[in-house]
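*Asks:* Here you go, one structure.
The values are calculated or read from the model by the stated rules, or taken from the named source; none is laboratory data. Note that this is a predicted model, so its numbers are computed, not measured. Heads up, the Cβs are rebuilt from the backbone with ideal geometry, glycines too, and the neighbour counts pull from every protein chain shown. We work out accessible area using only protein heavy atoms, side chains counted, and drop any ligands, DNA or RNA first. Shrake-Rupley method; radii C 1.70, N 1.55, O 1.52, S 1.80 Å.
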Amino acid sequence: MVVSTIQQPPSTYLTWTKFKYPHPDLGPITAFAVPTPTYKYIQNGYALMSTIMVVNLWAIVMVCGIYKQLTTPRAANKVNGMTMTLWNTRDAPRQSAIGAILYARKKWNKWWYYPFILILAGAWIASLAAGIFLPSSIFLGNAAPVNPLSIYVPTGNFSDWTMQDTYSIWALEGGPYLRATAAALVASDEVRAKVKVSLPVLEGTWNNTRSGVPDESIQRIDYGYNVTGTDLGLQNLPQLVLTVAGSCVTDYTWLNVEESKTLPGDPNNPVEVYHQDYYQSPWQSDPMWADGASSSVQEAAFCFQDPTLVDNRGNISWGVVISSVDHFSVTPSKDPWYRTSDSVASPDGNVFRILPGRPALSCWQNDVWSYKGQSTDVTNLQSILPPDTLSNATADILARYLGLPAVVNLGPHIGTSALQSAQGTISGVFDAGASSIYKDLSPLILGAYIATINTLADTTLYFDHNSTNSSSIRNLAREEDDDSITRPDVGQFIVFSEHVASLSLTLIILIPFLTLGSWLLMYALLEFTPLKLTKAMEPTELLRAVKGQFGEPTLYIDHDGKEKWKL
């Protein structure tokens with residue numbers, strides 16, 4: 001499953017190709033990819049074959065039943081109109097049912113009448129259902145194997161990168177996160193239900209000397225989601241599961257009160273300085289008017305623990321520092337990020353000012369990859385998987401993009417869009433009463449979930465990567481010593497598009513085989529077994545028998561307009 005706001009270009013996938021479709025319940029299914037218009041024709045053909053198969057099986061049952069009736073001693077010479085109708089409409093269950101009702105309507109009070117009619121109606125319904133449901137069952141989804149030539153994963157020796165390289169990579173990687181953010185805004189209820197973000201829980205209070213508020217609330221928000229191999233599109237590993245669990249708490253200790261200050265001559269313009277042990281560079285939250293600009297919006301800075309310095313690469317600490325101090329609001333708020341002072345007068349009426357001393361959001365996230373009872377982190381993923389199910393190239397791509405919590409990659413790339421409160425800011429004034437940490441964090445986590453499930457598909461959407469022109473940046477999907485050669489089995493995933501259809505190869509082969517088999521079985525029974533005696537009720541056979549006994553029969557219309565046979 002991919003949640004995207006962009007169509008997958010045809011050049012990024014392969015059609016008329018066999019591959020493994022990662023079905024969430026049935027496991028990897030051998031499939032075949034065809035263009036969607038072609039699938040519509042295939043569906044019609046298989047609907048016809050499915051109907052023929054059921055009709056042939058019904059005809060065999062009908063022939064056996066008639067033969068049994070004719071060979072029962074008590075039933076001698078009981079070939080009547082209904083028997084003839086059933087025989088000659090054996091390949092049309094609807095006509096068999098209608099004919100039986102017409103000929104047997106006077107037998108409605110017999111015990112066998114209703115079960116008999118129900119059996120005929122069931123055969124008719126079965127022939128219709130087979131033409132509907134069997135062709136539909138060959139369709140697995142709108143997916144196809146990725147074209148390995150379309151995969152681009154920028155990487156290299158980061159110590160050799162120039163500033164131009166860094167900015168080039170930053171620009172390239174912005175696309176997937178912007179698309180994930182846009183998709184989060186219009187996500188369906190089904191997608192939103194995949195992500196759990198708890199309501200804030202009060203953990204205590206803080207005597208905030210910076211803001212002068214003695215009882216600032218300490219809040220905790222937990223979040224989590226699961227991503228399966230099916231979601232990622234991994235062909236061989238639909239049962240692989242990434243379990244993400246995280247928690248964030250408002251932390252006032254990051255703020256360095258001694259270093260924080262106000263602008264000279266303006267005590268209403270505070271400058272906040274934040275420090276964190278695992279992120280050495282201090283971060284400064286400037287007041288809204290510090291640069292003399294006429295307007296500003298709230299911003300957020302993201303930091304994270306260096307994953308190479310922790311024992312468990314799946315457990316990473318990260319944090320967010322917001323710059324909301326000194327902004328104006330049309331409503332009051334007690335949310336930790338948007339706590340306001342008393343109202344102050346302005347030319348446009350009373351407004352509220354965001355207090356200094358806003359807390360950081362200190363978070364941790366634990367990413368656990370599991371497969372059939374075994375767990376590990378992304379860097380050791382192949383250690384818990386069966387051989388040849390995940391290539392080195394695909395494992396490297398997953399480690400490249402999912403080695404850090406997706407949210408800390410998402411936030412910096414989307415800039416001011418990282419905060420929902422910033423979307424409603426006009427000329428530096430917003431609605432603090434309608435803003436909160438919870439409302440800011442929820443769409444971020446949803447966007448991180450979408451960015452995660454789109455990880456592999458997004459590697460095919462770097463349309464302008466050739467513009468980097470840097471020898472320090474190479475494609476992780478290609479051989480290191482020869483960029484023209486793709487790495488072995490790098491394309492072990494599928495991409496999704498409404499213009500392509502995945503069909504079950506097993507059913508594609510099985511349905512024509514069963515259809516042909518049912519026809520051959522019926523032919524063999526009527527030609528090489530005692531059941532061939534029932535062919536005496538064929539119109540041609542019946543006419544031949546009459547001719548042999550009474551001579552050439554003649555059909556004519558009399559003066560009253562009625563048909564007459566002359567023997």
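*Asks:* Hey, can you grab everything whose amide H is under 5 Å from the amide H of Arg339? Only 5+ residues off in sequence or another chain; H modelled, so Pro and N-termini drop out.
*Replies:* For Arg339, the qualifying residues are Leu355.
*Asks:* If each of Asn226 and Val61 carries a label point 7 Å out from its Cα toward its Cβ, how far apart are those two points in nm?
*Replies:* Label at Asn226, label at Val61, 4.0 nm between them.
*Asks:* If you don't mind, there's one more thing I want to ask. Ranked highest first by average number of other Cβ atoms within 10 Å, how do 37-45, 60-68 line up? Numbers along the way, then the final one.
*Replies:* Details: 37-45: 13.2, 60-68: 16.3.
Ranking the peptides 37-45, 60-68 by packing returns 60-68, 37-45.
*Asks:* Separate question: Which peptide among 445-452, 328-335 comes first, and what is the full order, when sorted by highest mean count of other Cβ atoms within 10 Å? Working shown, then result.
*Replies:* Values: 445-452: 26.2, 328-335: 18.6.
My ranking of the peptides, most packed first, is 445-452, 328-335.
*Asks:* All other residues with a Cβ under 10 Å from the Cβ of Asp335 taken together, and with Lys, Arg as +1 and Asp, Glu as -1, what is their net charge?
*Replies:* Details: positive: Lys334, Arg339, Arg358, Lys439; negative: Asp440.
So the environment of Asp335 carries a net charge of +3.
*Asks:* May I ask for log10 I(q)/I(0) of the stretch 454-567 at q = 0.22 Å⁻¹, from a Debye sum over the Cα atoms as equal point scatterers with solvent left out?
*Replies:* Each listed q maps to, in turn, -1.24.
*Asks:* Taking the Cα-to-Cβ direction at Leu118 and at Ala193 and moving 7 Å from each Cα, how far apart do the two end points lie in nm?
*Replies:* 3.6
*Asks:* Enter the Cα centre distance for the pair the stretch 110-135 and the stretch 1-71, rounded to the nearest angstrom.
*Replies:* 22
*Asks:* What full-extension length gain, to one decimal in nm, is calculated for Lys532 and Ser427 as 0.36 nm per residue of separation minus the Cα-Cα distance?
*Replies:* 28.7 nm
*Asks:* Output the pairs from Lys110/Lys532; Lys196/Lys334; Lys20/Lys372; Lys196/Lys372; Lys194/Lys439 with a Cα-Cα distance over 27 Å in this structure; if there are none, say none. Mind showing how you got there, number by number?
*Replies:* Numbers: Lys110/Lys532 30 Å; Lys196/Lys334 24 Å; Lys20/Lys372 19 Å; Lys196/Lys372 24 Å; Lys194/Lys439 17 Å.
With Cα atoms farther than 27 Å apart: Lys110/Lys532.
*Asks:* Hey, rough spin-label estimate for Lys334 and Thr166, points 7 angstrom out along Cα→Cβ, what's it come to in nanometres?
*Replies:* So the label points at Lys334 and Thr166 sit 4.4 nm apart.
*Asks:* Another question about this same structure. Against the 2.2 N^0.38 Å scaling, with N counting residues, where does the stretch 1-53 land? I'd like the Cα-based Rg ratio to two decimal places. Working shown, then result.
*Replies:* Numbers: Rg = 14.3 Å, N = 53, 2.2 N^0.38 = 9.9 Å.
Cα Rg divided by the expected 2.2 N^0.38 Å: 1.44.
*Asks:* How do the peptides 413-423, 233-243 rank, highest first, by the average count of neighbouring beta carbon atoms within 10 Å per residue?
*Replies:* On the way: 413-423: 20.1, 233-243: 21.6.
Most protected by this proxy first, the peptides run 233-243, 413-423.
*Asks:* What FRET efficiency comes out for Val273 versus Trp16 if R0 is 45 angstrom and r is the Cβ-Cβ distance? Round to the nearest 0.05. Don't skip to the end; give the middle numbers.
*Replies:* On the way: r = 61 Å, r/R0 = 1.36.
Working from the Cβ atoms, E equals 0.15.
*Asks:* While we're here: Given a 1.4 Å probe and heavy atoms of the protein chains only, how would you sort Tyr523, Tyr401, largest accessible area at the top? Show your work: numbers first, answer last.
*Replies:* Values: Tyr523 105, Tyr401 25 Å².
Greatest to least solvent exposure: Tyr523, Tyr401.
*Asks:* If Lys and Arg each add +1 and Asp and Glu each add -1, what is the summed charge of the other residues whose beta carbon sits under 12 Å from the beta carbon of Arg179? Don't skip to the end; give the middle numbers.
*Replies:* Details: positive: none; negative: Glu173, Asp458.
Local charge sum for Arg179: -2.
*Asks:* Report ³J(HN,Hα) in whole Hz for each residue of the stretch 479-489, in order, from the Karplus equation J = 6.51 cos²θ - 1.76 cosθ + 1.60 where θ = phi - 60°; Gly and Pro get x.
*Replies:* 3J(HN,Hα) across the stretch 479-489, in whole Hz: 4, 5, 8, 8, 5, 7, 10, 6, 5, x, 6.
*Asks:* Using a 1.4 Å probe and ignoring any ligands, DNA or RNA, find the accessible area of Ser137 and quote it in Å² to the nearest 10.
*Replies:* About 50 Å², rounded to the nearest 10.
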